[in-house]
Amino acid sequence: MATGANIAPALAFLEEIEARSGQPVSLCYQCKKCAGGCPMSFAMQPYNCDLLKMIKYGEKEAVLGSNTIWLCIGCRTCGARCPNGIDISKINDVLREMALASGKKAGEPRTAAFHQSFLATVEQFGRSYEAGTIGLFKLKTASFTQDLALGLKFVAKNKLKLLPDRIKRAGEIKRIFRKAREAVI
Amino acid sequence: MKLTYYPGCSLHSTAAGYDDSTCFVCRTLGVELAELNDWNCCGASCAHATNHFLAVALPMRNLILAEQAGHDVMAPCAACYNTLKTADHAVRGRDGQAMTINADLEEIMGAKYGATIQVRHPLEVLGSWEMLREISAKVVRPLMGLRLVTYYGCLLTRPKNVVAFDNPERPTTMDKILTALGAEVKSWSYKTDCCGGALALSQTAAVATLVAKLVTEAERAGAQAIVSACPLCQVNLDTRQNQIARPMPIFYFTELMGVAFGADASGRWLQKHIIDPAPVLAALAKGE
Ligand code: SF4
Ligand code: SF4
């Protein structure tokens, strides 16, 4: 007899996320307090609570390709309000790491480009370097005129350092970054 | 009191006024600060957003250096405070990944973090009852008549089991400090709503919407200015009010402490603001 739809529980993705984030996704009962409090709900597609549903369904590709994980600011309002102690920001941290490791285009390439530009300056100098971050970010996203007027105001008010701060033991930071690359699963 | 000072990258660039005013206020109140030698960037939201190893290892290197210096470490940036505190908490809780990273750092630096010091934010240091008494005693120019709302943002008070110095959604430490300076602190519901600072460059339009909401609500609460304790919030709120008809100045709480203490340098700090706070303070000078 044909069994109709071949439905099997898709636990592998769920278990991986729970293990890596330390968050009990399985406990989510969709009360949606997290989405109600999330400042970025208005732009997220899907909402943060729906992302958890998709994780339970094993929809790995849709989850990793969503813009939700890149629009999450990490404000932890969801974690403070969830009756089941689920901090979605920690789940999104893991999902972004997986999305980058997959090599596919990020759901919000601009956010990914910004994070990477910032970290590139930290790897180089040991401290972040705003002018460098902005330069790299503009190269990656080809957005040369965005915030130009604001940037000039910053320079006029001496708010933007035009030369980087460099730490003495910068070699230690380079080794930390090397280890970090090895540690990515 | 002696503390190790971790300024973080922002206080060395966009938030120089926060740096200066924090140091001034601490000096005035007898809190001795010594800057952490050879500190590195904590990785901010960019590390935890993309790489767990960096999110723990970058702050942990600073904790190791601070532990060697022997005092509690104070970080005025809410993002730095949060990442340092999170790494410290992970080591205290014997988190498996944190232990591995700690061992890796021992290999790289020749020392590991033993969690024998505390990570503190200036609000926590300056908000104790003893300090509040000292603060009132130092006021030479009370902020009488100045109507403010306090804005803590997201990273200072959450997650509540990690940072735990004030209520995660209705904190009051900054309110007490500003009240001690003589200001009128208005009540509002947006103290810990996120301003989106971490995504200000990459999601500019969405972030402008968050900022507009905060400023509109502050105005509705009857405030003349918003007071912040984070360089990412302050810069974001100070620069993204383009949707607002009457932009509102954004102070650091330490700047207002400096003003009330009669700091000569306060003019220099305030000149760095994009939205000029002088008109709000001018009314104060005239006793209006
Ligand atoms: S608040 Fe918690 S239980 Fe409710 S929908 Fe969100 S994650 Fe699920
Ligand atoms: S941490 Fe992310 S998902 Fe949670 S409320 Fe904040 S922005 Fe929304």
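The values are calculated or read from the model by the stated rules, or taken from the named source; none is laboratory data. The shown structure was predicted, so the numbers you read here are calculated from the model rather than taken from an experiment. With ideal geometry, Cβ positions are generated from the backbone for all residues, glycine too; neighbour counts draw on all protein chains shown. Side chains are part of the model used for accessible areas, which takes the heavy atoms of the whole protein and leaves out ligands, DNA and RNA. Shrake-Rupley method; radii C 1.70, N 1.55, O 1.52, S 1.80 Å.
Below, the figures for the structure above:
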{"read-out": "Scan of the range B:20-33 for residues that are under 26 Å from B:Thr116 (Cα atoms) and either of a type in the set (Val, Ile, Thr) or touching a helix residue (DSSP H, G or I) at 6+ places or on another chain (Cβ under 7 Å) (or both), ordered by number", "value": "B:Thr22, B:Leu29, B:Val31, B:Leu33"}
{"read-out": "Which listed residue is at the interface with another protein chain (Cβ under 8 Å from one of its Cβ atoms) and not in a helix (DSSP H, G or I), from A:Arg110, A:Arg127", "value": "A:Arg127"}
{"read-out": "Top-ranked residue in the range A:80-97 [being part of a helix (DSSP H, G or I) and open to solvent by less than 20 Å² (accessible area, probe 1.4 Å); ranked as nearest to ligand 1 (Cβ to nearest atom)]", "value": "A:Ile88"}
{"read-out": "Near pairs, Cβ below 6 angstrom, 6+ apart or cross-chain, from the range B:222-247 (aliphatic (A, V, I, L, M)) to any residue that is open to solvent by 20 Å² or more (accessible area, probe 1.4 Å) and not in a helix (DSSP H, G or I)", "value": "B:Ala223/B:Arg147; B:Ala223/B:Lys186"}
{"read-out": "Selection count, the range B:268-288, where residues are open to solvent by 30 Å² or more (accessible area, probe 1.4 Å) and over 20 Å from the mean Cα position of the chain (by Cα)", "value": "8"}
{"read-out": "Of all residues making up the range A:31-45, the number that are in a loop (DSSP other than H, G, I, E, B) and either within 18 Å of B:Ala208 (Cα to Cα) or within 10 Å of ligand 2 (Cβ to nearest atom) (or both)", "value": "4"}
{"read-out": "Residue in the range B:212-221 that is at the interface with chain A (Cβ under 10 Å from one of its Cβ atoms), away from ligand 1 (no atom under 16 Å from the Cβ) and polar (S, T, N, Q) present", "value": "no"}
{"read-out": "A:Ser143 vs. criteria among the polar types (S, T, N, Q), surrounded by fewer than 18 Cβ atoms within 10 Å (Cβ to Cβ) and either at pLDDT below 90 or assigned to a helix (DSSP H, G or I) (or both)", "value": "yes"}
{"read-out": "Pair list, Cβ < 8 Å and 6+ apart or interchain, from the range A:36-58 residues that are over 16 Å from B:Asp193 (Cβ atoms) and open to solvent by 30 Å² or more (accessible area, probe 1.4 Å) to residues that are within 9 Å of ligand 2 (Cβ to nearest atom) and not in a helix (DSSP H, G or I)", "value": "A:Tyr47/A:Cys38"}
{"read-out": "B:Ser202, sole failed condition from (1) more than 14 Å from chain A (Cβ to nearest Cβ); (2) surrounded by 19 or more Cβ atoms within 10 Å (Cβ to Cβ); (3) in a loop (DSSP other than H, G, I, E, B); (4) not hydrophobic (A, V, I, L, M, F, W, C)", "value": "(1)"}
{"read-out": "Number of positions in the range A:64-82 that are more than 10 Å from chain B (Cβ to nearest Cβ), closer than 18 Å to A:Gln23 by Cα and more than 8 Å from ligand 2 (Cβ to nearest atom)", "value": "2"}
{"read-out": "Residue in the range B:140-158 that is open to solvent by 10 Å² or more (accessible area, probe 1.4 Å), at pLDDT below 95, under 23 Å from A:Cys75 (Cβ atoms) and within 8 Å of chain A (Cβ to nearest Cβ) present", "value": "yes"}
{"read-out": "Selection status of A:Ile176, open to solvent by less than 20 Å² (accessible area, probe 1.4 Å), in the same structural domain as A:Glu18 (by TED's automatic domain parsing) and modelled with pLDDT of 80 or more", "value": "no"}
{"read-out": "Filter result for B:Thr172 (more than 16 Å from ligand 2 (Cβ to nearest atom), more than 13 Å from chain A (Cβ to nearest Cβ), within 22 Å of B:Cys26 (Cβ to Cβ) and not hydrophobic (A, V, I, L, M, F, W, C))", "value": "yes"}
{"read-out": "Where A:His115 falls short, out of the listed (1) touching a Phe, Trp or Tyr at 6+ places or on another chain (Cβ under 8 Å); (2) facing chain B (nearest Cβ under 7 Å); (3) not aromatic (Phe, Trp, Tyr)", "value": "(1)"}
{"read-out": "Residues located in the range A:83-99, provided they are in contact with a His (Cβ under 9 Å, 6 or more places away or on another chain) and facing chain B (nearest Cβ under 8 Å)", "value": "A:Asp93, A:Val94, A:Arg96, A:Glu97"}
{"read-out": "Single residue of the range B:225-252 satisfying the filter (over 18 Å from B:Gln271 (Cβ atoms) and assigned to a helix (DSSP H, G or I)) that is farthest from the chain's Cα centre (by Cα)", "value": "B:Asn236"}
{"read-out": "Selection within the range B:67-85 - out of contact with any strand residue (DSSP E or B) (no Cβ under 8 Å at 6 or more places or on another chain) and crowded, with 21+ Cβ neighbours inside 10 Å", "value": "B:Pro76, B:Cys77, B:Ala78, B:Ala79, B:Cys80, B:Asn82, B:Thr83"}
{"read-out": "Qualifying residue in the range B:100-113 (condition: within 13 Å of chain A (Cβ to nearest Cβ) and closer than 30 Å to B:Met257 by Cβ)", "value": "no"}
